[in-house]
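Structure first, then comments.
The values are calculated or read from the model by the stated rules, or taken from the named source; none is laboratory data. Fair warning: this is a prediction, and the values are worked out from it, not measured in the lab. Don't worry about glycine lacking a Cβ; one is built from the backbone with ideal geometry, like all the others, and counts go over all protein chains shown. To get the accessible areas, we keep the full protein, side chains included, count just its heavy atoms, and leave off ligands, DNA and RNA. Shrake-Rupley method; radii C 1.70, N 1.55, O 1.52, S 1.80 Å.
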Amino acid sequence: MVTMSQKEFQRVRVIENAAGGRLSVREASRLLQLSERQVQRLKRRYRPDSIGWVQHGNRGRSMPWAVSIPQKQLILNLARGKYQGFNDSHLAEKLRDEEDLSVGRETVRASCGPRNWPLRRRAGHASTAPAARPARVSA
């Protein structure tokens, strides 16, 4: 079973109509919000018996820099246990120095998911209420 996004499904319908002559390249480019040249390229790739031509070539592949699931689980266990309460930057430093895991702050954040850190207010914005003005004294 092959799944398609709504965008891919629309692309298939429009290119089928353009390849069948029921729709001009200009109209297809307007409907798909692509250039006419891109629509021509899609028409050349179009195969009526399959939908592989519409799917992106990287579909199903993992990113080469992605953290493996066991390593992600290890980071999560350490963040919840030994290094509980550390923020992302400090945790990344500790993992590098103490656990010999070289991961960046964003990798730690992505591995651990959302956590509830105390919110910090910017300096000078302690109150949201406007400051009271002194009363004018008329002479």
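Here are some notes:
- Which listed residue, of Leu32, Leu74, is of a type in the set (A, V, I, L, M) and closer than 24 Å to Thr3 by Cβ: Leu32
- Residue within the stretch 27-46 that is outside any helix (DSSP H, G or I), hydroxyl-bearing (Ser, Thr, Tyr) and open to solvent by less than 70 Å² (accessible area, probe 1.4 Å) present: yes
- On the stretch given as the stretch 1-60, residues that are in contact with a helix residue (DSSP H, G or I) (Cβ under 8 Å, 6 or more places away or on another chain) and of a type in the set (Phe, Trp, Tyr) total 2.
- Residue in the stretch 64-84 that is farther than 30 Å from Gly21 by Cβ and in contact with a Lys or Arg (Cβ under 7 Å, 6 or more places away or on another chain) present: yes
- Test: residue in the stretch 67-82 that is aliphatic (A, V, I, L, M), under 25 Å from the mean Cα position of the chain (by Cα), at pLDDT below 90 and in a loop (DSSP other than H, G, I, E, B): yes
- A single member of Glu16, Glu8 is open to solvent by 60 Å² or more (accessible area, probe 1.4 Å) and farther than 29 Å from Ser111 by Cα, and it is Glu16.
- Restricting attention to the stretch 53-72, the residues that are closer than 11 Å to Ser111 by Cβ and open to solvent by less than 90 Å² (accessible area, probe 1.4 Å) add up to 5.
- Screening the candidates Asp97, Asp49 for the property of being assigned to a helix (DSSP H, G or I) and surrounded by fewer than 10 Cβ atoms within 10 Å (Cβ to Cβ) yields one hit, Asp97.
- Every pair of residues 6+ apart whose Cβ atoms lie under 7 Å, when the first sits in the stretch 30-58 and is free of Cβ contacts under 8 Å to residues at least 24 places away in the same chain and closer than 16 Å to Asn17 by Cβ while the second is part of a loop (DSSP other than H, G, I, E, B) and open to solvent by less than 50 Å² (accessible area, probe 1.4 Å): Arg45/Trp53; Arg47/Trp53; Trp53/Tyr46
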